[in-house]
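These notes concern the structure reproduced below.
The values are calculated or read from the model by the stated rules, or taken from the named source; none is laboratory data. Since we're looking at a predicted model, the values are computed, not measured. Quick reminder, even Gly has a Cβ in these numbers, built from the backbone with ideal geometry, and neighbours come from all protein chains shown. Remember, those area values only see protein heavy atoms, side chains included, never the ligands or the DNA or RNA. Shrake-Rupley method; radii C 1.70, N 1.55, O 1.52, S 1.80 Å.
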Amino acid sequence: MAGEPQADCLFCKIVAGDVPATVVRETDTTVAFRDINPQAPTHVLVIPRAHHPNAAALAEAAPDVLAVMMREAREIAAGDGIEGTGYRVVFNTGSGAGQTVFHVHAHVLGGRGLEWPPG
Ligand code: AMP
Ligand code: ZN
């Protein structure tokens, strides 16, 4: 069923506390933690507690949670002192776009100059 925890999902395990993570913020519906392989001084992942494979699926099932994720991105940027200089929010969607964990997550990146277009 949509949203149910998946036994083989790394991010469901982080939500459950079965895999450790450096959690920076939590809400009723989301958890945010530092990426284990940071690509910028600020690199935080915001995920819904419920399992949805990608942003498109979450937008269909629970668009309100997608809105919370964007609000959390701003709070993370503010907490890391980069709201003024700017930050990037990325949803890699599909393996061709670089998605490797199929539990939707927003990358919040900043703290250095970010090139555009991305690679
Ligand atoms: P993506 O390639 O967009 O699916 O992003 C997955 C992200 O999860 C990558 O940036 C990884 O570095 C990150 N990641 C993988 N395992 C962990 C973990 N145990 N804790 C925190 N971040 C992780
Ligand atoms: Zn999951």
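Can you tell me which of (1) within 16 Å of ligand 1 (Cβ to nearest atom); (2) open to solvent by 40 Å² or more (accessible area, probe 1.4 Å); (3) in contact with a Leu (Cβ under 8 Å, 6 or more places away or on another chain) is the one Ala59 doesn't meet? Unmet condition: (1).
Anything in segment 92-119 that is open to solvent by 50 Å² or more (accessible area, probe 1.4 Å) and under 16 Å from Pro41 (Cβ atoms)? List them, or say none. Once the filter is applied, which keeps residues that are open to solvent by 50 Å² or more (accessible area, probe 1.4 Å) and under 16 Å from Pro41 (Cβ atoms), segment 92-119 yields Arg112, Gly113, Leu114, Glu115. The C-beta contact set for segment 1-28 (first residue closer than 24 Å to Asp64 by Cβ and within 9 Å of ligand 2 (Cβ to nearest atom), second residue open to solvent by 70 Å² or more (accessible area, probe 1.4 Å) and in a loop (DSSP other than H, G, I, E, B), distance under 6 angstrom, 6+ apart or interchain) comprises Cys12/Pro5; Cys12/Gln6; Val15/Arg49.
Scanning segment 34-48 for residues that are in contact (Cβ under 8 Å) with a residue 24 or more places away in the chain and open to solvent by 80 Å² or more (accessible area, probe 1.4 Å) turns up Gln39, Pro41. Checked against (1) surrounded by fewer than 18 Cβ atoms within 10 Å (Cβ to Cβ); (2) closer than 15 Å to Pro38 by Cβ; (3) aliphatic (A, V, I, L, M), Met70 passes all but condition (2). Taken together, Val89, Val31 contain a single residue that is open to solvent by less than 30 Å² (accessible area, probe 1.4 Å) and at pLDDT 95 or above, which is Val31. Filtered by the rule that a residue be open to solvent by less than 70 Å² (accessible area, probe 1.4 Å) and closer than 24 Å to Arg112 by Cα, segment 7-22 gives a lone residue, Ala21.
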